[in-house]
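Asker: Before I ask anything, let me first share the structure, which is written out below as structure tokens.
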Amino acid sequence: GEIRDWAGPTKDVLSPVMVRDDNGRLTQARLGSHPFGSVESALVALDAAVTAYENGRGVWPTMRVSDRILAIQKFLARMSACRGDISRLIMWEIGKTLADSEKEFDRTIDYIRETIEALRNLDNANSHFEIVEGTVGLIRRTPLGVVLCMGPYNYPLNETFATLIPALIMGNSVVFKPPRTGVLLFEPLLNAFCEAFPPGVINFAYGDGAEIVPALLSTGKVNVLTLIGSSRVADHLKKVHPKTNRLRAVLGLDAKNAAIIMPDADIGLAARECLAGALSFNGQRCTALKMLLVHRNVEQAFTSEFLRLLGDLKIGMPWASGVSLTPLPSTGKAKQMTELLDDAVANGAGVLNAGGGAVEGTLFYPAVVYPVTSAMRLYREEQFGPLVPIMSFEDLDVALDYVATSEHGQQVSLFASDPDMIGRMADSLVNQVCRVNINCQCQRGPDVFPFTGRKDSAEGTLSVTDALRSFSIRSMVATKYTQPARE
Ligand code: G3H
């Protein structure tokens, strides 16, 4: 409900974009700074959320749904006016092209509108009567309490709002820890949050996530943990809560989505979709294709078409026109890519494209790595960057086993023509992942579709409507129904 002055330590925000310093050395551009709070200041934010929720008796959780929708609409109107500022901040902070940053902004606005629409249609605008065996119940969706919300750096606005907005609209209070990369972009919205929501309903906790997030959870006052990020971090955080089994978790986690390219696939289509699937936003998408399994009969044709298309991609600064590959968030991230690539090469793989794997500061030139084997880290580890591992197979079971034995279970892409074969494979694959994409790349949208995963890839489902369910519980008011006595 208020923006507090901050006299404590601050942290610089560095851009993926590199500039020359006074000594002519290339260094990541400094964009600004944000408060670098301590555990103590994060607990102030948590206490504000707990007080606002007031064990379900607060202004926000008891407000009529239609009034909560009005508050979100007020916020939406203010946010819509910030399109230019927020899109440019996304571009500078995470290195996404300006066009894709604008797309992220627009998709988020649509997501909020769709959430409002979905809530109006959910259980007859959130509550409905049922009469069963002489009992009448008014069943409604009610909030869960305090939600601790963390979004990822690759979709800092969109994926944060995919949990924050449903959590708020269902009447919860929120403590939001912004991503380490992608934090300044929320500043244009701070006043809008203050104006649209009662005090304490939405609170920002700035600081070192590794320190403050476990401290918040260990209080036992957080009812829902929602994180779009790493499986390892999620496992650790859930254990920190003193009553782990009482903590609801809504998680979007690691994935290692594979494409299977069958001998009868349309090779041009498969190569185009796999290129976009593997390298959009430099491969930094949980839904990215992170392993290409190509049938031996079409291996030659597929790889040469893939490499031809890759040769047309431009790498450069995110504002430059026609650029699709941009700098990684830090030189450390580029180093991680080099380590994964070196490991694959040391174990027998080659880089198929000339210049692949070259590094210039935060720019990492995409590398097509072949043949990948189970001896390499790239075989199972999620690269989350511009490395494209290719394996070939002759026996279809090898490809199917790769998916079936993975610790991840988000999506798969299947490229083939024979409808009978497609049908049989899809029926089997859909029991191992949560979305089978036929002749197209893996992706999350349209956002009204269920977005989730099996095994280590997710917990709970995030679609527009499922998210409303994830952040609420069905409760009811009941009484005995008696027929009016006849005269
Ligand atoms: O990083 C994970 C995102 O949910 C991917 O979304 O498929 O729309 O790029 P997307």
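The values are calculated or read from the model by the stated rules, or taken from the named source; none is laboratory data. If you're wondering where the values come from, they're calculated on a predicted model, not measured in any experiment. Positions of Cβ are generated from backbone atoms using ideal geometry, with glycine treated the same way; all protein chains shown enter the neighbour counts.
Asker: Could you count how many residues in segment 445-470 are out of contact with any strand residue (DSSP E or B) (no Cβ under 9 Å at 6 or more places or on another chain) and buried (at least 18 other Cβ atoms within 10 Å of the Cβ)?
Answerer: Number satisfying all stated conditions: 5.
Asker: Restricting attention to segment 56-88, which residues are touching a residue at least 60 places away in the same chain (Cβ under 8 Å) and more than 18 Å from residue 475 (Cα to Cα)?
Answerer: Residues satisfying the conditions are 59, 68, 69, 71, 72, 74, 75, 78, 79, 82, 85, 86.
Asker: Residues in segment 368-375: is at least one without any contact (Cβ under 8 Å) to a residue 40 or more places away in the chain and touching a helix residue (DSSP H, G or I) at 6+ places or on another chain (Cβ under 6 Å)?
Answerer: Checked segment 368-375: at least one residue is without any contact (Cβ under 8 Å) to a residue 40 or more places away in the chain and touching a helix residue (DSSP H, G or I) at 6+ places or on another chain (Cβ under 6 Å).
Asker: Let me ask you something else. Specify the residue that is nearest to the ligand (Cβ to nearest atom); the eligible residues are those in segment 445-465 that are closer than 19 Å to residue 112 by Cβ and touching a residue at least 60 places away in the same chain (Cβ under 8 Å).
Answerer: My answer is 445.
Asker: Can you find even one residue in segment 384-407 that is closer than 21 Å to residue 286 by Cβ, among the small types (Gly, Ala, Ser) and surrounded by fewer than 20 Cβ atoms within 10 Å (Cβ to Cβ)?
Answerer: Among the residues of segment 384-407, at least one is closer than 21 Å to residue 286 by Cβ, among the small types (Gly, Ala, Ser) and surrounded by fewer than 20 Cβ atoms within 10 Å (Cβ to Cβ), which makes the answer yes.
Asker: While we're on this one: If you go through segment 369-383, how many residues are crowded, with 23+ Cβ neighbours inside 10 Å and more than 13 Å from residue 257 (Cα to Cα)?
Answerer: 2
Asker: Further, regarding this structure: If I ask for residues that are touching a strand residue (DSSP E or B) at 6+ places or on another chain (Cβ under 7 Å), free of Cβ contacts under 8 Å to residues at least 60 places away in the same chain and over 18 Å from residue 373 (Cα atoms), which ones from segment 311-343 would you list?
Answerer: 313, 314, 315, 316, 322, 334
Asker: In contact with a Ser or Thr (Cβ under 7 Å, 6 or more places away or on another chain), part of a loop (DSSP other than H, G, I, E, B), of a type outside the set (S, T, N, Q) and farther than 20 Å from residue 274 by Cα - does that describe any residue in segment 463-483?
Answerer: Checked against the condition, which is being in contact with a Ser or Thr (Cβ under 7 Å, 6 or more places away or on another chain), part of a loop (DSSP other than H, G, I, E, B), of a type outside the set (S, T, N, Q) and farther than 20 Å from residue 274 by Cα, segment 463-483 yields at least one hit.
Asker: Please work out which one of (1) touching a residue at least 12 places away in the same chain (Cβ under 8 Å); (2) surrounded by fewer than 19 Cβ atoms within 10 Å (Cβ to Cβ) is the condition residue 354 fails and give its number.
Answerer: Going through the list (1) touching a residue at least 12 places away in the same chain (Cβ under 8 Å); (2) surrounded by fewer than 19 Cβ atoms within 10 Å (Cβ to Cβ), residue 354 breaks only (1).
Asker: Which of the residues spanning segment 1-39 are within 21 Å of residue 181 (Cβ to Cβ) and aliphatic (A, V, I, L, M)?
Answerer: If the condition is that a residue be within 21 Å of residue 181 (Cβ to Cβ) and aliphatic (A, V, I, L, M), then 13, 14, 17, 18, 19, 26, 29, 31 are the ones that fit.
Asker: What are the pairs, 6+ residues apart or on separate chains, where a residue within segment 173-192 that is within 19 Å of residue 76 (Cα to Cα) has its Cβ under 7 Å from a residue that is among the charged types (D, E, K, R)?
Answerer: Close Cβ pairs (under 7 Å, with a partner that is among the charged types (D, E, K, R)) amount to 184/93; 185/93; 188/85; 192/78.
Asker: So which residues in segment 455-487 are modelled with pLDDT of 95 or more and under 17 Å from residue 285 (Cα atoms)?
Answerer: Across segment 455-487, the qualifying residues are 456, 457, 458.
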